[in-house]
1. Across segment 321-339, what is the total count of residues that are exposed (fewer than 13 other Cβ atoms within 10 Å of the Cβ) and either touching a residue at least 12 places away in the same chain (Cβ under 8 Å) or outside any helix (DSSP H, G or I) (or both)?
2. Scanning segment 1-55 for residues that are farther than 19 Å from Glu352 by Cβ, surrounded by 13 or more Cβ atoms within 10 Å (Cβ to Cβ) and among the small types (Gly, Ala, Ser), which turns out modelled with the highest pLDDT?
Amino acid sequence: MAQQFNYAVYQERLSRLEAKTRALLKETNNTELTCKMDSELAGLQDRKELRLAFVGQYSSGKSTIISALTGRKDIKIDANVATDHVSEYKWNNIVLMDTPGILAGKVESHDESTKAALKECDLIFYVLTSQLFDDVLFNNFIDLAYNQHFADKMFIVVNKMGMESGEFDQLVDNYTISLEKIFSERGYELKNFPLAFIDAADYMDGIDENDNEFVQLSNFEHFIDMLNVFVARKGMIKKQFDTPVRVYQSYLKNIAVTAVDKTLSDKYNQFEQKLRYRLSELKRDTRNVLSSFVSTALSEVISLSNDIGAIDETEWKSKQEALNSELQNNISNTSAEIEKTINDNYERLMNEVNDFCSKGNYSAPLWA
């Protein structure tokens, strides 16, 4: 199975859970509960469409990346550099925006309406080809990253790698070195931005022809992995799905399902217990990680304090600096471990939601 964008997968699962919940409410004539649920869902302030924008070089394959990501071949791929508007495509509660390409002598910057649209985006992909940055493109990139303050949500993508001759890994190394030089010569750092090398057209061809080697060579699945990590780190998945899952769960508790199917009632009760267990498991795992960090840090600090008066000042300061560095590393590692713990627990929860929605032996009479 091809690698998938987790946000879209979870949205599909959530939609299925919603459909089954609504079907059960209708089956049991719970009009009042349906109205209350609709009102509660409408009032969720932290839910919105995920907005992804594709900007950058003219004819760099922005629309092709959108098609590869969504699996939608009906997306129009427009080679007209003079287009002056943002095109939007909606997919699984995600809005993907294709912006006019940047080309020297034609379109050298984004207009105010495009910048306003980008301001509302959660993630901006700046798409290049192996030609990398010329002066016009780099000035445009810096304007978006720092003058418009979009740097923390920008992701550099070098597309059409399959058109270049040479070993893929060697090409990536060479292009990375070139990009680092371009950034450093102008006083910026490439490492501040996620960077992926792909060929979206090759990926689509590989999927169509069931050619796994072509899919692997496109490096597109690695790009999706990077996208999943980026979205998870921004907290977008938990913010989007945690609350509505709990809303549906709470309303399912209030449905008199025993009048319809006793087995179904038992299944919902089991599912509620799983939700509660996952929450307690997450709290426990997070506490364990924090406790381990605090214990280690205190031990190191106490050890250093015992050296006061036992060693000379120079050596003590050296040990203090080493400890500060070690604590910073431990803080970073602990944060990463907590983040992984949260993501792993949430992945298990969403898998259980999917399993629950996939059961057909007891629910077919209701929503077949």
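The values are calculated or read from the model by the stated rules, or taken from the named source; none is laboratory data. Remember, predicted model here, so these are calculated numbers, not experimental data. Reconstructed Cβ throughout: ideal geometry from the backbone, glycine too, with neighbour counts over all protein chains shown.
1. 1
2. Among those that are farther than 19 Å from Glu352 by Cβ, surrounded by 13 or more Cβ atoms within 10 Å (Cβ to Cβ) and among the small types (Gly, Ala, Ser), it is Ala53.
Yes/no per residue for (1) assigned to a helix (DSSP H, G or I); (2) under 25 Å from Asn333 (Cβ atoms); (3) in contact with a Ser or Thr (Cβ under 7 Å, 6 or more places away or on another chain); (4) not hydrophobic (A, V, I, L, M, F, W, C):
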position: Tyr277; (1), (2), (3), (4): yes, no, no, yes
position: Ser280; (1), (2), (3), (4): yes, yes, no, yes
position: Arg284; (1), (2), (3), (4): yes, yes, no, yes
position: Phe293; (1), (2), (3), (4): yes, yes, yes, no
position: Ala297; (1), (2), (3), (4): yes, yes, no, no
position: Ala310; (1), (2), (3), (4): no, no, no, no
position: Trp316; (1), (2), (3), (4): yes, no, no, no
